[in-house]
Each structure stands twice: as C-alpha cells, then as structure tokens.
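J.: The structure that follows is given in the form of structure tokens.
The values are calculated or read from the model by the stated rules, or taken from the named source; none is laboratory data. All values reported here derive from a predicted model rather than from experimental measurement. FYI the Cβ positions are ideal-geometry reconstructions off the backbone, even for glycines, and counts take in every protein chain you see.
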Amino acid sequence: MKHFGWILILLAAAMPAWSAGNKKISVQDLKDLLISLQAAKKGDEDVALQLKQVELTEELTMSTMNDLSDKLPGPLSTEQIYILEARSSVLPPPASDLPTAPAPDAAAQQAMLAKATDFATKTYPQLPRLTATKLTGRFQDGVEAIHTTSGMHSHVDDNSDPLWEQTRLYVRLLGTHTDTIESENGIEKIPNTKEKPQWGPNGQVASLLPPLTMNTILQEASANGNPKWVRWESINDKQIAVFSFAIDKKKTHFGVNYCCFPDTDTAGVINYSKSGGQSAGGGSSAKGNLQTVSEWKPFKANIGYHGEIFIEPDTGIVVRTITMADFKPSDFVHYENIRTDYASLPVGGKSLVVPVRTFTIAEVVPNGDSFAAHYSVRHQFLTQDYKDYQLAGATAQK
C-alpha cells in the first residue's frame, strides 16, 4: 500500500468505526500509537479498534498518511485512517510542519489578498468547459430513525436495510461511487434530471445546494469578511499564506437546504398488537419500531459563515478554501464544514488551476424535532477526488 489516492473504492465493504467521546490526540501521538501496535504485532481488527477510540487535534495530511501506510495491517485500519483524515481536514497541521518564516507586514498581506481576489474573480472564472472523473466516498455513523408509514409497520432487522436501520455509534464507510462530471467557468454542473430527491427514510441527510464558489468566497471575504493573517503553511512543497475571515448572515446570500427531516405535525406513535405471542403480563407481544412519520421536509436557512483562504503569495493563486457555516444550536444541522483543494494541472496543452479534492463534514439531527425517536446526532463525512481533467468534447488519450 504505497499511496492512498483512490484506494477508498477498495474499502466500500468495510464497516469499522469512530465514536463520539473519543480521546483527543496529536498526529505525533497517532504515529507513536501505530508504531507500538506494529511492534506488538497487532492484527487489523485490533489496530482498527484502537483507531476508533481517538480524535485528532491536528490535520492528518496526505503525506503523513502515506508515511503511515506500512503500519496499517489491513483494510479495517486503513478505513479508520481515512475517517481521521476527513474529520481533521479543516484543522491546522502540527506546529512542527509549519514554516518558520516571519509573518509578512501589513502591506504585503494586502497585496496577497488583492492578487487572490483578482485571481478568483477574473482568472479562475475563465476556465473552459471541462470534464473529469470524480470519486465520492461517504462516511457516516447511524442512529435509530423513525419510519415513513401510512399504517402499521413492523421492525426491519439490521441485515435487511443497513443504511436505515442499523443503530451504530461509529462512523464507517457506507460506499463509494465514480461519476464523470462537467464544469464550466470553474463551477461543477449539477446533472439535469427530472427525478425528485428521495424523501423520507433514505438513510442519509444531504445538502441539496452546491457549495460556495471560489469567486463568491473571495468577493465576500474581501468586501465584508475582514480577512486577517493567520500563519504560513506548507502545501505541495510551497509556502502558502493563510488568512481567516468571517461574514455575517446579513452580508451574504449564502443559504443551506438539507433534505430531509420528519415533519413535527405528522410524527407520532402507532400502537398495535400482533397475534401469536404472549407478553409477561398476558397480553399480545410485538417487536417493532412504533415511531412513524408521514411527511418529510427540508431544512432551509440563510446563514453567515467563516473560514480560511490559502494563497500562493507571489501569484495570488488560491490553493485551498475552508468554509464553516454558522448555525444556531437549535437548527437541525449543527455544523457544515467544507474544504476544497485546488492544484495546477496540464489540461489541453495548458496549465489550469482546478479542484482536486473536497471534504464536507457535517453533523445533523436526523429525527428533527419530532420527538418520536430518541434525540441523537449523526456525523457524516463526504470526500470527493477529481482526476483525468480534459477539455469537454476532447477525445480521451489512451
């Protein structure tokens, strides 16, 4: 296992875990843990079990993951490393990995921001129509969720509908899929389909809106986000300037639309009996989930957000954006953090800056405020890797 890259697709059948209440450790602690487990000759299940119990306080970078690959004995522990990478993707890397150069003065900072805004609003939106291959991996933990029903509904056991019925405390890889996508002016096109989103118990709660574009983030951060110097960071062997920003909801058109949550007015409990069995009290007994709902609705909100912008200081090229939506504690979505990485790739005889990887990290309340099921949260991580960029309509090279 020399490189992680697209190995996710080989792990889609694995079901290991991450749980809330984990022990928080540094990346160096993670390295030490894996070295000790390897020295003790622990197997894949044992190593995966140990990794379930930790949460990183620093970013686990791809280069560090590759360095650790020979200490992972199999697919279960490898999947856990992907989970740790996704969860830590919006955190700063270890201090030991940061460049030691002094911070630029105020004039140099403003010059970098001006170059970045110019790149994001003038150069990047001029990208031609492109196609690419996108690999999506979805990680999620599970909670017992209420059913959609118009009448009596009996229990479905764990093996018959694992995405919906399994009550799991741990994040696991639900699956991967590969698509050919098309983009224009740096914006990925949403497939034109007449199919409606699957409402109700689809085992997922998903955003229906595309993420903020680089253009929008830089424009709003420059105009209303009060960008501030944070640190230098090393990305792809280049020294990158990192700025933070925060935008009030009154100064942005950013909105979220998540599908789907049970409608409070239609949620309830069904009482029914089942012949053929006697309870301890002498009555009929039944095994089932009696929590039901007949209507589902999206959660929509206009909100502010904050985040970070990563800039090549000489060119102004934006190599990464991080956005974190500012939800209220009472919202059905507790947080949504999105990181997008960009890189310069050869496409059609030119060098173009394009998205190469995204992480979306969210925590939702899948049962909404129905109170028909136990209040609980769901953590879901979405990773997307892009490769094989071509000019739209170009013939693929063999």
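J.: Can you tell me which condition SER88 does not meet? The list is (1) among the small types (Gly, Ala, Ser); (2) in the same structural domain as SER344 (by TED's automatic domain parsing); (3) buried (at least 17 other Cβ atoms within 10 Å of the Cβ); (4) within 29 Å of PRO227 (Cα to Cα), and all the others hold.
T.: Result: SER88 fails condition (2) only.
J.: Among strands (runs of 3 or more DSSP E) lying entirely in region 226-310, which contain 1 or more residues that are out of contact with any Phe, Trp or Tyr (no Cβ under 7 Å at 6 or more places or on another chain), surrounded by fewer than 19 Cβ atoms within 10 Å (Cβ to Cβ) and at pLDDT below 60?
T.: Counting at least 1 such residues, we get 267-269.
J.: Could I ask something else about it? Report, by residue number, each residue of region 11-52 that is among the polar types (S, T, N, Q), in contact with a helix residue (DSSP H, G or I) (Cβ under 7 Å, 6 or more places away or on another chain) and modelled with pLDDT under 95.
T.: Residues satisfying the conditions are SER19, GLN50.
J.: What's the total number of residues in region 73-96 that are touching a strand residue (DSSP E or B) at 6+ places or on another chain (Cβ under 9 Å), of a type outside the set (A, V, I, L, M) and within 22 Å of MET324 (Cβ to Cβ)?
T.: Residues flagged as touching a strand residue (DSSP E or B) at 6+ places or on another chain (Cβ under 9 Å), of a type outside the set (A, V, I, L, M) and within 22 Å of MET324 (Cβ to Cβ) within region 73-96 amount to 7.
J.: Is it the case, given these coordinates, that THR133 is modelled with pLDDT of 95 or more, under 20 Å from the mean Cα position of the chain (by Cα) and either in a helix (DSSP H, G or I) or not assigned by TED's automatic domain parsing to the domain that holds LEU30 (or both)?
T.: Here the answer is yes, as THR133 does meet what is asked.
J.: Identify all residues within region 31-76 that are in contact (Cβ under 8 Å) with a residue 60 or more places away in the chain, more than 22 Å from THR360 (Cβ to Cβ) and not in a loop (DSSP other than H, G, I, E, B); write none if there are none.
T.: Initial filter on region 31-76 (in contact (Cβ under 8 Å) with a residue 60 or more places away in the chain): 52, 65-66, 69-70, 72, 75-76.
When the remaining residues are screened for being more than 22 Å from THR360 (Cβ to Cβ), the result is 66, 69-70, 72, 75-76.
Hits for region 31-76 are ASN66, SER69, ASP70, PRO75, LEU76.
J.: For region 166-184, indicate whether the set of residues that are surrounded by 14 or more Cβ atoms within 10 Å (Cβ to Cβ), touching a Pro at 6+ places or on another chain (Cβ under 8 Å) and at pLDDT below 70 is non-empty.
T.: no
J.: Can you work out which of the residues in region 357-398 that are at pLDDT below 95 and of a type in the set (Phe, Trp, Tyr) is nearest to VAL171 (Cα to Cα)?
T.: PHE381
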